[in-house]
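Asks: Have a look at this one.
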Amino acid sequence: MADKKPDSGSDSESADEPVVGNVNKFAVVPPGYSGRPKKGHLIFDACFESGNLGRVDFITDYEYDLFIRPDTCNPRFRVWFNFTVENVKADQRVIFNIVNFSKTKSLYREGMTPLVKSTSRPKWVRIPTKHVYYYRCPDHRKNYVMSFAFCFDKETDVYQFSYCYPYSYTRLQNYLDNIEKRNLDFVQRELVALSVQQRRLDLLVITNPENLEPEEKQKVVFLTARVHPGETPASYVCQGIIDFLISSHPIAKILRDHLVFKIVPMLNPDGVYLGNYRCSLMGFDLNRHWMEPSPWAHPTLYATKNLLLEMDRNENVEVDFYIDIHAHSTLMNGFMYGNVYDDSGKFEKHAIFPKLLDQNAEDFSLNNTNFNRDSVKAGTGRRTLGGCLDESHCYTLEVSFFSYLTNGASTALPYTEEAYMKLGRNLARTFLDYYKLTGFISAKPSSSIVPKPGRHSAKDRNKAERAASEPLRYSQEER
């Protein structure tokens, strides 16, 4: 492991030298070697969207120390990594030590491992647990180091390693472009603002278009994700929500007929693009700046908060929910953070939605769900908007970077991209349960499930009524 004094093959000889930019097609060769890199002299690269690797030190022919590049303008956060390796030899065995994590508590203690894919095998897989070690290293200021052994098997392949499943700004833009091309009458895409680096802050509005008529009363569910750019599972959950809401599923149709969903899928597009873990381009943890966001330093937050406050002032709009989606680096399962209220009746109502979600999603944990007013969380979206939007239920939805335990299971199941999206679908379904419980949507098939008389034909109403009895019969496959 990382227990030898490094002989650096890079230009940086000091282990204390700050890591600033990403490596760019950087060939790591033995000390004293000159000439073009030979086959087996590994070439590292992180100069691509959402990439992160700041430095590589040669230890031996078989071992390399890797340094995460800190978030831009903020050296405190070093967790996300995403890089490629090429110029390998067949059957070349190596040990990579990631030596400068900023967090000591980690799911690596619980069996989490890095992800890997290659050009001939484009599906992400986890490196086997038996090849990964997480330990405190005396040669790196007693910091925690994550070491993993790997064998390259195909000389022509480029290998990519990542902390978690990447979900880039460009991927989101392509996804939203494809939705827009479908010309669905119940989906609108709006540009809310531009980031500091002039990237789009997109808003999706999903609802029956008649709900947007000026005289109509609106019940709004507002969702946001990726305020912390390295928390990529949040994007998969968010995509699962969107995919379900724009689908032809009968539950989705009922939800669109009754509710207005407004979704900001990526609050921190610059941080995502740059490969940061927690901060924006300028080094701000945006989820601590909701109280007084700056139009020049936090333009995406400023625009989103103003949009919410504007809706709150509109007497025809009720913002029932605000949910901010995150990923968690130390706990398992999905779970929620909620607010604490002195009014016991309000608090009891606030506790309902997580309980309903627990019934619908096998990976959701009520035990991890927590209601608090910790001062350290004062600037978060949940806490700030919970104080501004008096009648709204404001939550943070967290999902593990790694795995979940189901009821009665002794072994955790690693999350996949599909499992994250499934949690999103189940979250969307839960709104039907909630609004049936409150009486806003009829609990039984009747004409009341159709929002307005005359909106649909008798044939449409009959189809909707027949479907209304289906939503709550969740099969095991859909849980």
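Asks: For the chain, what does the relative contact order come out to in percent, with C-alpha contacts under 8 Å and a separation of six or more? Present the calculation step by step, with values, prior to reporting the outcome.
Replies: Details: 1017 pairs, mean separation 62.9, N = 479.
Across the chain, relative contact order equals 13 percent.
Asks: May I pose another question? If you rank 247, 235 by how much accessible surface each has, with a 1.4 Å probe, what is the order from largest down?
Replies: 247, 235
Asks: Charges only on Cβ, +1 for Lys and Arg, -1 for Asp and Glu: so what's the dipole of the chain about the Cα centre, in debye to the nearest 20?
Replies: Around 700 debye, computed over the chain.
Asks: Select from 413, 31, 60 the residue farthest towards the positive end of the dipole of the chain; place +1 on Cβ of Lys and Arg, -1 on Cβ of Asp and Glu, and compute about the Cα centre.
Replies: Ranked along the dipole, the leading option is 413.
Asks: Ignoring ligands, DNA and RNA, what percent of the accessible area of the chain is carbon or sulfur (1.4 Å)?
Replies: Carbon with sulfur: 49 percent of the solvent-accessible area.
Asks: May I pose another question? Tell me the label only: which of (1) 24.2, 82; (2) 22.2, 68; (3) 24.9, 121 is Rg and Dmax of the Cα atoms in Å as calculated from this structure?
Replies: Comparing each candidate, only (1) matches the computed number.
Asks: Choose one of 427, 129, 275: the residue whose Cα lies farthest towards the positive end of the charge dipole of the chain (beta-carbon charges +1 Lys, Arg; -1 Asp, Glu; about the Cα centre).
Replies: Final value for the positive-end residue is 129.
Asks: With a probe of 1.4 Å, find how much accessible area the stretch 26-162 has per residue, and write the answer as a whole number in Å². Don't skip to the answer; put the middle values down first.
Replies: Numbers: 6060 Å² over 137 residues.
On a per-residue basis, 44 Å².
Asks: R0 = 41 Å: FRET efficiency of residue 142 with residue 296, Cβ-based, nearest 0.05?
Replies: 0.50
Asks: Now for a different question. Please label the shape of the stretch 169-438 as rounded, prolate or oblate, based on the square roots a ≥ b ≥ c of the eigenvalues of the alpha-carbon gyration tensor (a/c under 1.5 means rounded; beyond that, a/b larger than b/c means prolate, else oblate). Mind showing how you got there, number by number?
Replies: Working: a/c = 1.15, a/b = 1.05, b/c = 1.09.
Since a/c stays below 1.5, the shape of the stretch 169-438 is classed as rounded.
Asks: Another question, if that's okay. Grab the other residues whose beta carbon is less than 12 angstrom from that of residue 80, score K and R as +1, D and E as -1, and report the net.
Replies: +2
Asks: What does the accessible area per residue of the stretch 286-409 come to in Å², with a 1.4 Å probe and no ligands, DNA or RNA counted? Mind dumping the intermediate values first?
Replies: Values: 5200 Å² over 124 residues.
Result: 42 Å² per residue.
Asks: Which trypsin sites (Lys or Arg not before Pro) in the stretch 189-286 pass both tests, a DSSP loop state and at most 16 other beta-carbon atoms within 10 Å?
Replies: Listed in order of number, the matching sites are 217.
Asks: Excluding same-chain residues fewer than 8 positions from residue 89, which aspartates and glutamates have a Cα within less than 16 Å of its Cα?
Replies: 61, 63, 153, 155, 157
Asks: Another one. What is the sum of charges, Lys and Arg at +1 and Asp and Glu at -1, for the other residues whose Cβ falls under 14 Å from the Cβ of residue 288?
Replies: Summing Lys/Arg as +1 and Asp/Glu as -1 gives +1.
Asks: State to the nearest 20 debye the size of the charge dipole of the stretch 169-438 about its Cα centre, where the only charges are +1 on K and R beta carbons and -1 on D and E beta carbons.
Replies: The dipole magnitude comes to about 500 debye.
Asks: Between residue 184 and residue 372, what is the FRET efficiency for a Förster distance of 56 Å, r being their Cβ-Cβ separation, to the nearest 0.05?
Replies: Efficiency, rounded to the nearest 0.05: 0.90.
Asks: I've got another one for you. Just the accessible area for residue 191, please: 1.4 Å probe, Å², rounded to the nearest 10?
Replies: For residue 191, the solvent-accessible surface is approximately 90 Å².
Asks: Relative to the Cα centre, what is the charge dipole magnitude of the stretch 38-193, using +1 at the beta carbon of each Lys and Arg, -1 at the beta carbon of each Asp and Glu, and rounding to the nearest 20 debye? Don't jump to the answer; show the numbers that get you there.
Replies: Details: 24 positive and 18 negative charges, 101 e Å.
The dipole magnitude comes to about 480 debye.
Asks: If you take every DSSP beta bridge whose two residues both sit in the stretch 169-438, what share of them, in percent to the nearest 5, is antiparallel?
Replies: In the stretch 169-438, DSSP labels about 40 percent of beta bridges as antiparallel.
Asks: Find out how many positive minus negative residues lie around residue 51, taking Lys and Arg as positive, Asp and Glu as negative, among other residues whose Cβ is under 15 Å from that of residue 51.
Replies: Once positives and negatives cancel, what remains is +1.
The values are calculated or read from the model by the stated rules, or taken from the named source; none is laboratory data. The shown structure was predicted, so the numbers you read here are calculated from the model rather than taken from an experiment. When we count neighbours, we look across all protein chains shown, and the Cβ atoms used for this are built from the backbone with ideal geometry, even at glycine. Only protein heavy atoms, including side chains, enter the accessible area calculation; ligands, DNA and RNA are left aside. Shrake-Rupley method; radii C 1.70, N 1.55, O 1.52, S 1.80 Å.
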